[in-house]
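To start, the structure itself, in structure tokens.
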Amino acid sequence: MKSFLSILFTILIMKAGAQSKVNYDESKVEPYTLPELLRSASGQEIKTVKEWESIRRPEIVRLFEEEVYGKIPAEAQLKPNIEILEKEGTALHGKAVRQQIALDFERNGRRLRVHLLVYLPAGQDNPPVFVGYNFYGNASIAEDENILLSPSWVPNKKEFGITENQITDGARGQRAHRWPVEKIIDSGFGLAAIYYGDVDPDRDDFSDGIHPLFYEEGQTKPGPSEWGAISAWAWGASRALDYLKSEPATANSKYILFGHSRLGKTSLWGGALDKRWDLVIANNSGCGGVAISRRKIGETVEVINTSFPHWFADRFQKYNDQESEMPVDQHMLVALIAPRPVYISSAVEDRWADPVGEYLGAYYASPAYQLYGLETPASDQQPSVSEPIHTSIGYHLRPGGHDVTDYDWEQFIAFSRKHLRK
Ligand code: GCU
């Protein structure tokens, strides 16, 4: 007991130490220089799409893999066994068709089951589909008693009836306000939902989730620049996409990868790695998402690496309080999505995520989009509240805090409509 308390105490002190450095004051941001987006490691200026795609882009992908999120093993293109758990459920009084699918991955004598919940507008072939992870299981996203409960580990949340790290009926519909399924369906879009803990439970423990399926004999955690949880979640989203592409109802759809917060970090990295995502949305993604790390406003690299070490490759730890040493910053992550449309959203009170830094992360990705002749935000000044920009790099700032609101979805839908129109 004593040692447990002293460990806890040490952790709290460490966290308090890291937290006390948090700055919210714009005037205290020290001058910084961002790594140049359009100059290769060897110093070559990147002037064409061809040079970007053959030289600079692969270089930047490698830097994010090795230094930040960690590399996904090459063998991870694993094909799952697919079990259709529900083929054609009726949802939303017949307006939507519900499918539930299990993807079973097997390797190294271990098995991982990932549940996919899909709502498609009834009678509409190949609608554009939003694909998004959720925090408390697929059943949390809608008032729909037919959604199967995932047996995967989940952090306890008493208000949702989760006390033994297991999703219960109490979680049903608890996050419905973040997922306006009816609005999405009425707008002619489909929605595919995945519980992120199915792919990798969100705790600093590499004995569960997808990672162990790829361990060598005796290995217990990924190597220093191998995949952390964000890379694992990005990987899982691509496996959901494999499934959607194999299914006639969605084989010719457009696919929109959406994520909020840590899952917004995931959607950006997933969108960077897999060019089959036609459009990417990152809501309130903050540090390790779109916010410029060198600003050190709100959450910093050191703070995130202290609280959530398992999200990133171990190598990322070396940039704790050493942001200027990073060979990348987050505008380069957004640039990897070019020329595909990307949408970034911030909330005024979500200062932890550094809304100004989120805008700048989006804005400074512009040169990559301009290589393709695409329209980008005109100014480095963050737009006013509720004045969205819908150029190829889209952005809005809304009132309120860290959340996903109806306003956010109205923008995601309008932006997707505009950019995915054939
Ligand atoms: C924490 C964390 C953020 C993250 C957020 C979330 O606040 O510090 O980096 O984005 O959780 O995922 O909700």
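Just checking, which of Trp277, Trp269 is modelled with pLDDT of 95 or more and away from the ligand (no atom under 16 Å from the Cβ)?
Trp277 is the lone residue from the list that is modelled with pLDDT of 95 or more and away from the ligand (no atom under 16 Å from the Cβ).
Looking at Ala76, Ala41, can you tell me which residue is touching a helix residue (DSSP H, G or I) at 6+ places or on another chain (Cβ under 7 Å) and modelled with pLDDT under 95?
Ala76
This table checks each residue for (1) among the polar types (S, T, N, Q); (2) assigned to a strand (DSSP E or B).
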{"residue": "Arg62", "(1), (2)": "no, no"}
{"residue": "Glu75", "(1), (2)": "no, no"}
{"residue": "Leu78", "(1), (2)": "no, no"}
{"residue": "Glu83", "(1), (2)": "no, yes"}
{"residue": "Glu88", "(1), (2)": "no, yes"}
{"residue": "Gln99", "(1), (2)": "yes, yes"}
{"residue": "Phe105", "(1), (2)": "no, yes"}
{"residue": "Arg113", "(1), (2)": "no, yes"}
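Within segment 342-364, can you find the residues that are within 12 Å of the ligand (Cβ to nearest atom), touching a strand residue (DSSP E or B) at 6+ places or on another chain (Cβ under 9 Å) and farther than 23 Å from Ala414 by Cβ?
Asp354 - this is the single residue of segment 342-364 that is within 12 Å of the ligand (Cβ to nearest atom), touching a strand residue (DSSP E or B) at 6+ places or on another chain (Cβ under 9 Å) and farther than 23 Å from Ala414 by Cβ.
Regarding segment 152-174, can at least one residue be identified that is within 24 Å of Arg262 (Cβ to Cβ), modelled with pLDDT under 95, open to solvent by 20 Å² or more (accessible area, probe 1.4 Å) and of a type outside the set (Asp, Glu)?
Looking for residues that are within 24 Å of Arg262 (Cβ to Cβ), modelled with pLDDT under 95, open to solvent by 20 Å² or more (accessible area, probe 1.4 Å) and of a type outside the set (Asp, Glu), one finds none in segment 152-174, hence no.
Only residues that are in contact with a Lys or Arg (Cβ under 7 Å, 6 or more places away or on another chain), buried (at least 24 other Cβ atoms within 10 Å of the Cβ) and outside any helix (DSSP H, G or I): list them for segment 218-239, please.
Trp227
Name the single residue that is nearest to Tyr119 (Cα to Cα) among those in segment 193-208 being in contact (Cβ under 8 Å) with a residue 40 or more places away in the chain and in contact with a helix residue (DSSP H, G or I) (Cβ under 6 Å, 6 or more places away or on another chain).
The extreme case among them is Ala193.
Could you give me the residue pairs with C-beta distances under 7 Å whose first residue belongs to segment 286-307 and is touching a residue at least 24 places away in the same chain (Cβ under 8 Å) and among the basic types (Lys, Arg), whose second residue is more than 10 Å from the ligand (Cβ to nearest atom) and open to solvent by less than 20 Å² (accessible area, probe 1.4 Å) wherever it lies, and which are 6+ apart or on separate chains?
Arg294/Glu323; Arg294/Asp329; Arg295/Asp354; Arg295/Gly357; Lys296/Glu323
For segment 349-377, enumerate the residues that are among the small types (Gly, Ala, Ser) and open to solvent by 40 Å² or more (accessible area, probe 1.4 Å).
Gly373
State yes or no: is Ala378 out of contact with any helix residue (DSSP H, G or I) (no Cβ under 9 Å at 6 or more places or on another chain), hydrophobic (A, V, I, L, M, F, W, C) and part of a loop (DSSP other than H, G, I, E, B)?
Yes.
Among (1) within 16 Å of the ligand (Cβ to nearest atom); (2) at positive phi; (3) surrounded by fewer than 21 Cβ atoms within 10 Å (Cβ to Cβ), where does Pro309 come up short?
Tallying (1) within 16 Å of the ligand (Cβ to nearest atom); (2) at positive phi; (3) surrounded by fewer than 21 Cβ atoms within 10 Å (Cβ to Cβ), Pro309 fails exactly one: (2).
Looking only at segment 378-422, which residues are more than 22 Å from the chain's Cα centre (by Cα) and either surrounded by 22 or more Cβ atoms within 10 Å (Cβ to Cβ) or aliphatic (A, V, I, L, M) (or both)?
Ala378, Val385, listed by residue number.
Out of Pro339, Pro327, which single residue is open to solvent by 10 Å² or more (accessible area, probe 1.4 Å), touching a Phe, Trp or Tyr at 6+ places or on another chain (Cβ under 6 Å) and either in a loop (DSSP other than H, G, I, E, B) or within 21 Å of Cys287 (Cα to Cα) (or both)?
From the options Pro339, Pro327, the qualifying one is Pro339.
The values are calculated or read from the model by the stated rules, or taken from the named source; none is laboratory data. On a predicted model such as this, the values are computed, not experimentally measured, just so you know. Backbone-built Cβ (ideal geometry, glycine too); neighbour counts: all protein chains shown. Each accessible area value is taken on the protein alone, full model and side chains, heavy atoms only, with ligands, DNA and RNA left out. Shrake-Rupley method; radii C 1.70, N 1.55, O 1.52, S 1.80 Å.
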